[in-house]
Amino acid sequence: MRVLLAGGAGYVGAHTAVALLDAGHEIVLLDDLSNTSALAAERVSQITGRPAPLVVGDASDESVVAATFDEFGPFDAIVHLAAFKAVGESMEKPLDYYSNNLDTTFALARVGLERGIRSFLFSSTGTVYSDPSDLPFTEESTTSVDLSNPYSKSKRMNEVVLADMARVNPELDVTVLRYFNPVGAHESGLIGEDPSGIPNNLMPYIQRVAVGSLERIGIFGDDYDTPDGTGLRDYIHVVDLALGHVAALERAQPGFVVYNLGTGRPVSVRELIAAFERAVGRELPKVVLPRRAGDVDATYCDPSKAARELDWVATRTIDDAARDAWNWQSRNPQGFASA
Ligand code: WQD
């Protein structure tokens, strides 16, 4: 297949690009580099020995998407990963999150349909599930637009849009992948999570503390209704997540379908920090801080539908993720800027 990866130079994008190339597919990356570096595309090519052309542009601009099809098309599929994704940041910048995370979908879907793509795969999130009594979340668990933060709301809105798009385009495969918490890095240490500025997410924050560029880990609350009082999440190794995209594309069927991509194993903040301390072989400085607005006690999934229908299972552990994340961060102390 020939695949356009929107947001393809990002953390999940670059790992998905490697997995697609390793599986024998062709890819083109479209990315505005707002939260990554052009170097990621070069590293994808270095890892796979295959071409990973990068178009630097705004995926919310239909003329940019059309020009990408003109130059590099036709494409069999679009994988839409072009979104802002930090829960905490979305509380402070709602309009940025709604406009970017929806306008990219409108532009990619319109041009993709005009140019005759067969598959549209959308990066969604497990944070669209709204009723904690449903845990572990299945694809049939209650979702809502009335969620705790604009990031999650924008993703649920996208799913509603895509379901209606699929209804009037019955020949199109529309697949929604609800990610849980991606962590880790490719074993080569050449690509990994490298958010701009101070990381909003836990794992890249731990990575920066371990490499010395941040002072200490802040634990956002230890009074949650969980075994050790810290938040529970379903941390999935980003390589497992990338392989889930390949499986979803290769087994895509016409219509609208949703899959959870997670491990099904809830892990606490303290447990993730301990896994990272095992990877680096020393304790890391940490302090308990007040809860962060928008956070929930726990979110983790039942991944059995993807296992059944995609023949896909996450096999890597949080120790694998910590080891691989540390390998990336220690080889690239300033991320891609280290090069
Ligand atoms: C995880 C836990 C925090 C930072 C995710 C991501 C992204 C998205 C889904 C798919 C929580 C705690 C965090 C810190 C902390 N993926 N924490 N100190 O909030 O689950 O959101 O949603 O779309 O993976 O945005 O991820 O890493 O920010 O937080 O204690 O410095 O770590 O309270 O319990 P979150 P996160």
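The values are calculated or read from the model by the stated rules, or taken from the named source; none is laboratory data. As the structure is a prediction and not an experimental result, all values here were calculated from the model. Positions of Cβ are backbone-derived with ideal geometry, glycine not excepted, and every protein chain shown enters the neighbour counts. Side chains included, ligands, DNA and RNA excluded: accessible areas come from the protein's heavy atoms. Shrake-Rupley method; radii C 1.70, N 1.55, O 1.52, S 1.80 Å.
Rounded to the nearest 20 debye, what is the charge dipole size of segment 27-125 about its Cα centre when +1 sits on each Lys and Arg Cβ and -1 on each Asp and Glu Cβ? Value, rounded to 20: 400 debye. As I understand it, the value is the acute angle between the Cα axis of helix 238-250 and the longest principal axis of the Cα atoms of the chain; what does it come to in degrees, rounded to 10? Taking Cα atoms only, the helix is inclined about 20 degrees. Rounded to the nearest 20 debye, the dipole size of the chain about its Cα centre is 500 debye, using +1 on the Cβ of Lys and Arg and -1 on the Cβ of Asp and Glu. Among Ile27, Ile318, the order of accessible area from largest down is Ile318, Ile27, computed with a 1.4 Å probe on protein heavy atoms. Over the chain, DSSP H runs of length four or greater, each weighted -39,500 (n - 2.57), average out per residue to a 222 nm ellipticity of -12500 deg cm²/dmol. Among Gly281, His15, Ile27, flag the residue with its Cα farthest along the positive direction of the charge dipole of the chain, charges on Cβ as +1 for Lys/Arg and -1 for Asp/Glu. Checked the options; the winner is Gly281. Across segment 3-102, Cα-Cα pairs farther apart than 18 Å form 45% of the total. Rolling a 1.4 angstrom probe over segment 47-121 with all protein chains present gives an accessible area of which 53% lies on carbon and sulfur atoms.
For the chain, the tally of Lys pairs with Cα-Cα distances below 30 Å comes to 10, considering only residues 8 or more apart or on different chains. Loop-located trypsin sites (Lys or Arg not before Pro) in segment 268-339 (DSSP state not H, G, I, E or B) with no more than 16 neighbouring Cβ atoms inside 10 Å: Arg282, Arg291, Arg292. Any chance you could check the Cα centroid distance between segment 303-325 and segment 253-288 for me, in angstrom? If you average the Cα positions of each part, the centres end up 11 Å apart. Taken per residue, the accessible surface of the chain reaches 39 Å², heavy atoms only and a 1.4 Å probe. Summary of the geometry: segment 171-193 and segment 33-82, compared by the centres of their Cα atoms, lie 15 Å apart. Helix 62-72 and the longest principal axis of the Cα set of the chain meet at an angle near 70°. Give me, ordered by chain and number, the residues 5 or more places off Ala298 or on other chains with an amide H under 5 Å from its own placed amide H. HN-HN under 5 Å from Ala298: Leu232. Within the chain, the longest run free of GluC sites (Glu not before Pro) that sit in a DSSP loop with at most 14 other Cβ atoms within 10 Å is 1-139. Think of segment 131-184 as having a plus end and a minus end, set by charges on the Cβ of Lys, Arg, Asp and Glu; of Ser152, Val168, Phe137, Ser152 sits farthest toward the positive end of this dipole.
Pairwise alpha-carbon distances in the chain exceed 38 Å for 9% of all pairs.
In segment 245-339, taking the dipole from charged Cβ atoms about the Cα centre, the farthest positive-side position among Ala325, Ala307, Gly335 is held by Gly335. Distances longer than 22 Å among the Cα atoms of segment 153-244: what percent of all pairs is that? So the portion of pairs separated by more than 22 Å is 51 percent. About its Cα centre, the dipole of segment 234-312 is roughly 240 debye, where the only charges are +1 on Lys and Arg Cβ and -1 on Asp and Glu Cβ.
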